[in-house]
Amino acid sequence: MDTIKAEIYDIIESAIQAAVAAAELTISEMPKIPFSPTKTPEHGDIATPIALGLAKQARMAPRKIAEIIVTHINLDAHPTIRQIDIAGAGFINIHLSDNYLYDTLQIIATMQEAYGTCDKGEAKQLQIEFVSANPTGPINIVSGRAAAVGDTLVNLLNAIGYNAMREYYVNDAGGQVDRLGESIDVRYRQALGEEGLEIPEGGYQGEYLREFGKTIADTDGDVYLQLETKERVAAFRDKAIAHILAQQKSSLERFGVEFDVWSSEKAIRESGKPEEIIELFRDKSYLYEAEGATWFRMTDFGDDKDCVVIRSNGEYTYFVPDAAYHRDKFDRGFTTVIDLLGPDHQGHISRLKNFVKALGLPDDWLEIFIIQWVNLVDAEGKRSDMSKRRGQFRTLDDLIDELAEAVGEQFAVDVARYFFLMRANNTHLDFNMELAVTHASENPVFYIQYAHARCCSIFEQGDEQGITPKPIEAVSLNQLTEPMEHELIRKLAEFPSTVLLSAETREAHRVVHYLHELAGIFHPYYNQHRVLDPADMKKTDARLILIQSVQRVLKNGLTLLGISAPTSM
RNA sequence: GCGCCUAUAGCUCAAUUGGAUAGAGCAACGGACUUCUAAUCCGUAGGUUGCAGGUUCGACUCCUGCUAGGCGUGCCA
């Protein structure tokens, strides 16, 4: 497609130059020629609104300009172009020859599972950090969404030639996990029969911690009561982190997400890097003392408020290990780092970016995206709060369990991933659990998977009838003359650019929509045209190649999304 | 108060980053299985793209100002 575009670009450009040379067109400067996609086959394969763009400086009606340009194109010299039309306000519509269409099938047959990939990323090292949920409870649904998106983005970036990896930052140090230890301490002592205890301010109410505290009491009895409160809380904290982390890991694995690296905030804190950061900031005069605390001059970086980096009790705020952690990422050699943050980290973006700037790292080195809320919606359409602190959240495991009851374990993961991936990251996502379960079998993911299964089924049927696909070289592709066949091939040709765009804009949902559209052309085709026709083997052979290509692209696309491509349903 | 995000069909979302007649899926209604899987297909209906201006040959997209919702906002992470 790219080579074709380059060729067309040259043709149009020289036509404009010829028109200018012939004094039919007056322009001051050679413009860049834009290409716009064609929505309908009548508009050809590639279109350009260049005549519209030239109208002003050429002082001429766009249609007239288009006509002039077209007269300077010698179609006989360019066999790739079958026909050129002028339409609408002055669009130049280019129809490519059928041979070009058939080239797409050739490319797919050659590249197979590599179709859709490219080497644009030049093997650069890239890291995406996502989920990074506090080790204070199970993976919830918002984190599940982040898991699906992050995992898929890594797939996409690898597909376009980057060397991307998945990283999880474990917040296993700091105030939050201390509150966790204190909360478990309360549950533990309650389990031992102590009365009148309450979860401390900022602690965790979740039911899973009550069970955890009870388990400790059941297995170890009251031995912990002999420890100093501080030691006991620390012991519970570490115990809980290890336990919860293992649980999070297995939930994510069940969801098909495996991280390459688990980084520890505790390790960062103990590495000495935070001290180096503070020293660096001090040297650069970014810090000052006030109200007993140490402040960072965030206002120097355009923020409206300074912020505390060392609290009056001498402890770092989370900014310091966080800055140190990003410094560490840079030292590990990543050319670009992408953080996917939860919606409650809104205010964190500009500050983190400013810290990165203060560290002297390149501006575009760090990209931050917010994965927006997932609202649980009940059957009446009422939204429910998912605050972890109040313990009213739904876990990723709950979700998959419920979906599994409706559609089975494998499809449950597929449905959940699809659901999370189908929307743009920055939009709020309403998740109606009841609807998701009762309508699980009507989920659009099956529409795509079914298309794949149907392709497989054709080959199975063919096998039974003794019809097997021939190598593409032995097939007359010009048997593919149906408009729907051309539409299918055109769609197949779009796959690589969709993957590229999706990866570069970090918007996985584009691939989802693409696959849905592809399936949306395939199903009607399947219904209207028979592939296996023993009476016309030439056509059958050509159609089998087409079906192989559709099957291949569906499979490649679903694989990128981490969704299975079943051979039968 | 300030900052960020969002607003598109009854509902949930798209729209290839400024291009042609704004598209899908649910939900509603009417049709199609003796033929490669009906988890499918065909058809009907559904719109002043939150409001008001502006830029442009051309705006859902960019700019300004409103309105509504969400999130954030100096010692939680």
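When restricted to residues that are near RNA strand B (Cβ under 9 Å from one of its atoms) and farther than 24 Å from A:Asp103 by Cβ, region A:527-550 contains 5.
Of all the residues in region A:505-559, those that are of a type in the set (S, T, N, Q) and modelled with pLDDT under 95 number 3.
When region A:26-56 is filtered for residues that are farther than 19 Å from A:Ile94 by Cβ and more than 9 Å from RNA strand B (Cβ to nearest atom), the ones remaining, listed by number, are A:Thr26, A:Ile27, A:Ser28, A:Glu29, A:Met30. Of A:Thr3, A:Thr26, all but one fail to be under 30 Å from A:Ile108 (Cα atoms) and among the hydroxyl-bearing types (Ser, Thr, Tyr); the exception is A:Thr3.
If you go through region A:172-190 and keep only what is within 14 Å of RNA strand B (Cβ to nearest atom), of a type in the set (S, T, N, Q) and surrounded by fewer than 20 Cβ atoms within 10 Å (Cβ to Cβ), you end up with just A:Gln176. Inclusion of A:Tyr169 among residues that are within 15 Å of RNA strand B (Cβ to nearest atom), in contact (Cβ under 8 Å) with a residue 12 or more places away in the chain and among the aromatic types (Phe, Trp, Tyr) is warranted. Within the option set A:Ile128, A:Ile160, A:Ile108, A:Ile92, being within 16 Å of RNA strand B (Cβ to nearest atom), surrounded by 19 or more Cβ atoms within 10 Å (Cβ to Cβ) and under 26 Å from the mean Cα position of the chain (by Cα) holds for one residue only, A:Ile160.
Within the set A:Leu245, A:Leu252, the sole residue that is surrounded by 12 or more Cβ atoms within 10 Å (Cβ to Cβ) and touching a helix residue (DSSP H, G or I) at 6+ places or on another chain (Cβ under 7 Å) turns out to be A:Leu252. The requirement of being outside any strand (DSSP E or B) and closer than 22 Å to A:Leu560 by Cβ is satisfied by A:Ser143. Taken over region A:340-352, residues that are assigned to a helix (DSSP H, G or I) and under 14 Å from A:Tyr169 (Cβ atoms) amount to 3. Out of curiosity, is A:Pro471 surrounded by fewer than 18 Cβ atoms within 10 Å (Cβ to Cβ) and at pLDDT 95 or above? Yes: the conditions hold for A:Pro471. Applying the set (1) of a type in the set (Val, Ile, Thr); (2) within 13 Å of RNA strand B (Cβ to nearest atom); (3) part of a helix (DSSP H, G or I) to A:Ile16 leaves exactly one unmet item: (2).
Figure legend. Inter-residue proximity from region A:415-437: first residues more than 19 Å from A:Leu340 (Cα to Cα), second residues modelled with pLDDT under 75 and of a type in the set (A, V, I, L, M, F, W, C), beta-carbon distance below 6 Å, spacing 6+ or different chains. Indicated pairs: A:Val415/A:Ala440; A:Asp430/A:Val377; A:Phe431/A:Leu376; A:Asn432/A:Val377; A:Glu434/A:Ala379.
Can you pull out every residue in region A:438-467 that is more than 6 Å from RNA strand B (Cβ to nearest atom), in contact (Cβ under 8 Å) with a residue 60 or more places away in the chain and farther than 20 Å from A:Val553 by Cα? Scanning region A:438-467 gives A:Gly462, A:Gln465, A:Ile467.
Of all residues in region A:191-230, those that are charged (D, E, K, R) and not in a loop (DSSP other than H, G, I, E, B) total 7.
Conditions tested, residue by residue: (1) surrounded by fewer than 20 Cβ atoms within 10 Å (Cβ to Cβ); (2) more than 30 Å from A:Cys118 (Cα to Cα).
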residue	(1), (2)
A:Ser14	yes, no
A:Thr26	yes, yes
A:Met30	yes, yes
A:Ile46	no, no
A:Ala51	no, yes
A:Lys56	yes, yes
A:Arg59	yes, yes
A:Arg63	yes, yes
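The values are calculated or read from the model by the stated rules, or taken from the named source; none is laboratory data. Just so you know, these numbers come straight off a predicted model, no measurement behind them. With ideal geometry, Cβ positions are generated from the backbone for all residues, glycine too; neighbour counts draw on all protein chains shown.
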